[in-house]
Every structure is written in C-alpha cells, then in structure tokens.
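Student: Sharing a structure below in structure tokens format, with a few things to ask.
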Amino acid sequence: MSDMKYCQGPKCHTYRTKDRIRGSKGDKHYETRKRSSFYYLGGHRISKKYERDWFDKFGSVALDHFGRIHEPKRTSASGAWYKSYSWRSGGNHDHYFINDLLGERRPITREQYNDDNFVSP
C-alpha cells in the first residue's frame, strides 16, 4: 500500500461521519480523513465538496499569491486554431482545424487529429 496522507480540506474534521471518529472512551473526537489516494484538487481531496471548502477558504489568497489578473488576456487570430470534428455514422468523421476568429476551417487526417504534437495547421 502506498503512503497514507491526510485530506487537505480545511473542514474535513468537522464532518460527522463514523469513519472520522477516533480516540478512546473519554477522548472521542472527529479527525481528518487519511487515505492512500485522493481524487480532487491535484490528488489532495476526497471529494468535490472538500475542494470547494478549500477554495472558499484559500482561493483568494492563492489567486493573490500566484497572480490575479487585472486586465483581460488576449489570444490573437494566429493563435486561435483548435482541432474539432464533425460526427458521421460509421466512424468516418471529418477532422479539421478551425479558427472562429478568421472564420476558417482546414481539413486534417484522423492521425493528425489524435497527434498531441500537431497543434496548428
């Protein structure tokens, strides 16, 4: 079994579930959950609820620390290409690069569509 770690949800220990009860008679208490694997917030939370708890408490501080934006970011027309496809029965889909800013669509192969390194026409 891999290393056990604690849920980073700031209110994890306050939720009243039987699996959080710890301590001997006279010293019973609820405790933060401990697991070998977590699924949310980069592998540090058990559920989306705890992820929301974390963001409600620390989100503003995190934005200030890592860089809150104060003006809009822009993507130029030359950088606005993305891959898409038109569904067709039988798996014979039309794959293409599309640029909504330029109003253009350029056909590509299925292999090019599936190639993560192929990022612009």
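The values are calculated or read from the model by the stated rules, or taken from the named source; none is laboratory data. Quantities reported herein were computed from a predicted structural model and do not represent experimental measurements. Positions of Cβ are backbone-derived with ideal geometry, glycine not excepted, and every protein chain shown enters the neighbour counts.
Student: Determine, yes or no, whether residue 54 is surrounded by 10 or more Cβ atoms within 10 Å (Cβ to Cβ) and touching a Ser or Thr at 6+ places or on another chain (Cβ under 8 Å).
Tutor: no
Student: Considering only residues of segment 85-100 that are exposed (fewer than 14 other Cβ atoms within 10 Å of the Cβ) and under 27 Å from the mean Cα position of the chain (by Cα), which is farthest from residue 120 (Cα to Cα)?
Tutor: Among them, the one singled out is 87.
Student: Looking at 68, 106, which is the one that is loosely packed, with under 13 Cβ neighbours inside 10 Å and part of a strand (DSSP E or B)?
Tutor: 106
Student: Kindly establish whether residue 62 is farther than 29 Å from residue 39 by Cα, surrounded by 12 or more Cβ atoms within 10 Å (Cβ to Cβ), free of Cβ contacts under 8 Å to residues at least 24 places away in the same chain and of a type outside the set (D, E, K, R).
Tutor: no
Student: Turning to a different aspect of this structure: Looking at segment 37-48, is at least one residue out of contact with any Phe, Trp or Tyr (no Cβ under 8 Å at 6 or more places or on another chain) and modelled with pLDDT of 90 or more?
Tutor: If we filter segment 37-48 for residues that are out of contact with any Phe, Trp or Tyr (no Cβ under 8 Å at 6 or more places or on another chain), which is where we start, we get 37-39, 42-43.
After this cut, where a residue has to be modelled with pLDDT of 90 or more as well, the list is none.
No, that holds for no residue.
Student: Any idea which residue in segment 1-36 is farthest from residue 57 (Cα to Cα), counting only those that are modelled with pLDDT of 80 or more and of a type in the set (Ser, Thr, Tyr)?
Tutor: 24
Student: Among what's in segment 11-51 and is part of a helix (DSSP H, G or I) and hydroxyl-bearing (Ser, Thr, Tyr), pick the residue that is surrounded by the fewest Cβ atoms within 10 Å (Cβ to Cβ).
Tutor: Within segment 11-51, the first condition is being part of a helix (DSSP H, G or I), and the residues that meet it are 12-14, 18-20, 48-51.
Next cut, hydroxyl-bearing (Ser, Thr, Tyr) only: 14, 50.
Details: 14: 11, 50: 22.
Going through the qualifying residues, I end up with 14.
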